[in-house]
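Structure record follows, encoded as structure tokens.
The values are calculated or read from the model by the stated rules, or taken from the named source; none is laboratory data. Source: prediction; values computed, not measured. Cβ coordinates were reconstructed from backbone atoms using ideal geometry, including for glycine residues, and neighbour counts include every protein chain displayed. Only protein heavy atoms, including side chains, enter the accessible area calculation; ligands, DNA and RNA are left aside. Shrake-Rupley method; radii C 1.70, N 1.55, O 1.52, S 1.80 Å.
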Amino acid sequence: MSIAATKNNKMPDKIKVNGVILVDKPQGMTSQQVVSKVKYLFKSPNHDSKKAGHTGTLDPMATGLLPICLGEATKFSHYQLAADKSYQATILLGSQTDTGDADGQIVAQEVIPSFDAARLEEVAQQFLGAQQQIPPMYSALKKDGKKLYEYARAGIEIDRPPRDIVIKAIDLTEIDAKQLQLTVTCSKGTYVRVLAEDIAKVLGTLGHLTALRRVQVGDFHIDAAIALADLETLALDGRQAHLLPVDACINLEAELALTAEQCARVQMGQRLNVIEQLTDDLRSYISATVEQQHSHDENSVTQKNGDDDKGSDSEALLPYEIPVDIRLVNEQGQFIGLGAVSLNGRLQPKKLIQL
């Protein structure tokens, strides 16, 4: 057989699996193990599911909502990484573990003082709002390329600078004389294990988590998630029915429709002048977002972390030059990616999908 004939008879390209699936993570698995399982469940002789990732780690002991992005959806996972998250947790008072949860070894014990609902309400209010939190040693944060929990297992304590967090809502209720139910909505980077330890300290004792369940990530809720075991029982088409669109993680409403020619140009990375396509609503959105960014920059402390790609660059720009992220769609209304547009009409393509 000739080389040309061989090329003509080659197997067709596999269909790339794209979208977001909300999984109810079981206890005892790492988040990465769940991702690997989902990749396997969406794989077939005709389907490629190699590219996948989650939008925020859950500890092996924890259960609950784990959004997993597949294919082109991975380009937009950062929107959920930065989203507020809600948890339900159980705190066992009177003992502290080295990990802050039931997976660790007890390292200290303390008498549990009496408390009532009024005292729990008083304590909860102390944790509401902006504050700083020192990450635990048993975490996946890295120091010199090595994860902190690796140092911890070797008995090495590493200095961890405090991180800014915000507790948006918090409620403490008594389960019994030794256990508390904690319900909390918090900003990214919050460790519920540390919060539980700090709550116990304010109560005058020690504590650690015995259960942790994530019930919400941004606009995603646990009610819409499917258990991993249930996903496994479905046929491939049934699993695909649970896939949300590629842009499900994006919480932007503002969008701009591009012509076929403009779509082709942005796919090549070219900037466009779309001044004539900016509607009054879109202009208002850009102006409001720029003003919000300006206010945030004025009120916030110097940021040491994060992936802000504006920062110092935007400070040197005039208001009508500052770019704002928007959704881009084609003439049929299909999502094609994200762009950054400013009031002067300059559109810069950012993350575009290839379907």
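Can you pull out the residues in the stretch 314-324 that are outside any loop (DSSP other than H, G, I, E, B) and open to solvent by 30 Å² or more (accessible area, probe 1.4 Å)?
Looking only at the stretch 314-324, we keep the residues that are outside any loop (DSSP other than H, G, I, E, B), and these are 314-315, 319-321, 324.
Those that are outside any loop (DSSP other than H, G, I, E, B) and open to solvent by 30 Å² or more (accessible area, probe 1.4 Å): GLU315, PRO319, TYR320, GLU321.
In the list ALA257, ALA340, ALA248, which residue meets the criterion of being at pLDDT 95 or above and within 30 Å of LEU141 (Cα to Cα)?
Details: ALA257 fails: within 30 Å of LEU141 (Cα to Cα); ALA340 fails: within 30 Å of LEU141 (Cα to Cα).
So the residue among ALA257, ALA340, ALA248 that is at pLDDT 95 or above and within 30 Å of LEU141 (Cα to Cα) is ALA248.
Listed residues LEU81, LEU22, LEU65, LEU58; which is modelled with pLDDT under 95, in contact with a helix residue (DSSP H, G or I) (Cβ under 6 Å, 6 or more places away or on another chain) and among the aliphatic types (A, V, I, L, M)?
Numbers: LEU81 fails: in contact with a helix residue (DSSP H, G or I) (Cβ under 6 Å, 6 or more places away or on another chain); LEU22 fails: modelled with pLDDT under 95; LEU65 fails: modelled with pLDDT under 95.
Answer to the check: LEU58.
Give me the residue from the stretch 84-106 that is open to solvent by 70 Å² or more (accessible area, probe 1.4 Å) and modelled with pLDDT of 95 or more and, out of that set, nearest to ILE170 (Cα to Cα). Steps first, please.
In the first step, residues of the stretch 84-106 are kept if they are open to solvent by 70 Å² or more (accessible area, probe 1.4 Å); the result is 88, 103, 105-106.
Right, trim to modelled with pLDDT of 95 or more and you get 88, 106.
Values: GLN88: 10, ILE106: 26 Å.
So, considering only residues that are open to solvent by 70 Å² or more (accessible area, probe 1.4 Å) and modelled with pLDDT of 95 or more, the one nearest to ILE170 (Cα to Cα) is GLN88.
Being open to solvent by 30 Å² or more (accessible area, probe 1.4 Å) and at pLDDT 95 or above is true for just one of ILE175, ILE134, ILE199, ILE170. Which residue is that?
Within the list ILE175, ILE134, ILE199, ILE170, the selection yields ILE175.
Go through the stretch 205-252 residue by residue and tally those that are of a type in the set (D, E, K, R), open to solvent by 40 Å² or more (accessible area, probe 1.4 Å) and within 16 Å of the chain's Cα centre (by Cα).
The first filter runs over the stretch 205-252 and keeps only residues of a type in the set (D, E, K, R), leaving 213-214, 219, 223, 230, 232, 237, 239, 247.
Subsequent filtering for residues that are open to solvent by 40 Å² or more (accessible area, probe 1.4 Å) retains 213, 219, 223, 230, 232, 237.
From what's left, within 16 Å of the chain's Cα centre (by Cα): 213, 219.
Within the stretch 205-252, residues that are of a type in the set (D, E, K, R), open to solvent by 40 Å² or more (accessible area, probe 1.4 Å) and within 16 Å of the chain's Cα centre (by Cα) number 2.
Across the stretch 39-83, what is the total count of residues that are part of a loop (DSSP other than H, G, I, E, B) and open to solvent by less than 50 Å² (accessible area, probe 1.4 Å)?
Within the stretch 39-83, the first condition is being part of a loop (DSSP other than H, G, I, E, B), and the residues that meet it are 42-43, 45-46, 49-51, 55-62, 77, 82-83.
Keeping just the survivors that are open to solvent by less than 50 Å² (accessible area, probe 1.4 Å) gives 42, 49, 55-56, 58-59, 61-62, 77, 83.
Qualifying residue count, the stretch 39-83: 10.
Could you tell me whether GLN354 is in a loop (DSSP other than H, G, I, E, B) and modelled with pLDDT of 95 or more?
On the way: in a loop (DSSP other than H, G, I, E, B): yes; modelled with pLDDT of 95 or more: no.
In short, no.
List pairs: first in the stretch 333-355 and open to solvent by 20 Å² or more (accessible area, probe 1.4 Å), second of a type in the set (Ser, Thr, Tyr) and outside any loop (DSSP other than H, G, I, E, B), Cβ under 9 Å, 6+ apart or cross-chain?
Note: pairs meeting the criteria are LEU343/SER287; LEU343/TYR320; ASN344/TYR320.
When both residues are 6+ apart or on different chains and their Cβ atoms are under 8 Å apart, which pairs have a first residue that lies in the stretch 264-279 and is farther than 11 Å from PRO349 by Cα and open to solvent by 70 Å² or more (accessible area, probe 1.4 Å), and a second that is small (Gly, Ala, Ser) and part of a loop (DSSP other than H, G, I, E, B)?
Listed pairs, sorted by first residue: ASN273/GLY345; GLU276/GLY345.
So, THR55, is that one within 18 Å of THR210 (Cα to Cα) and under 24 Å from the mean Cα position of the chain (by Cα) or not?
Details: within 18 Å of THR210 (Cα to Cα): no; under 24 Å from the mean Cα position of the chain (by Cα): yes.
The answer is no for THR55.
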